[in-house]
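One structure is given here, and the rest of the page talks about it.
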Amino acid sequence: MKSRNLFVKSTAFVLLMAIFTGCASTTIIQSVPEGAKVYVDGMMVGNTPYTLRDTKITGASTSIRLEAEGYESVNTYIYKDEEVNVGAIIGGVFFWVPFLWIMQYRPAYMFEMLPASATPKAPDATVGTSISEKLRELKKLFDEGLLTQEEYDAARKKVIEQGL
């Protein structure tokens with residue numbers, strides 16, 4: 001009787017662990033050079049190497065931006081559909097819900113940042129556009145998570161001041 005009770009408890013523990021570990025996905029964001037600022041979905045979260053852990057469901061995307069002084073920024077997305085999550089499969093067999101987390105991120109991402117160009121940039125293509133068009137473009141970048149609130153506010157203020 002004791003061995004059966006132990007078996008039931010052990011099985012329940014394994015199933016619960018499969019469910020809980022199956023819901024989270026972890027990946028490491030790395031860069032060359034190391035120490036770049038990491039922005040996840042528009043929020044600064046740390047420096048590379050950075051361990052990202054979330055519980056988004058399969059197919060979700062995460063916006064990543066890396067910034068380092070003297071280097072061009074890297075803007076990209078990572079998708080939670082690159083690796084099979086065995087824990088979610090096991091949990092899903094018994095409880096269905098973990099099937100929402102059946103896929104996960106790759107274990108690591110490496111981004112090589114390019115040095116900032118020493119040559120002057122080409123003139124901005126929006127020079128001839130109206131203030132309202134520039135503001136709409138900034139708002140779109142902000143809504144997509146490519147600009148932080150501070151960056152958006154500063155750029156918006158600059159556009160308004162230049163237009164007056």
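Just so it is clear, none of the values below were taken in a lab; they were calculated from the coordinates. Just so it is clear, the structure is predicted and the values come from calculations on it, not from any experiment. Note that each Cβ is placed from the backbone with ideal geometry, even for glycine, and that neighbours are counted across all protein chains shown.
Relative to the current alpha-carbon distance between E161 and R4, full extension at 0.36 nm per residue lengthens the span by 48.9 nm. Remark: Y39, Y109, Y77 ranked as Y77, Y109, Y39, counting other beta-carbon atoms within 10 Å and listing the fewest first.
Among the listed pairs K56/K134; K80/K157; K9/K80; K80/K134; K56/K139, a Cα-Cα separation exceeding 30 Å is found for K56/K134; K80/K157; K9/K80; K80/K134.
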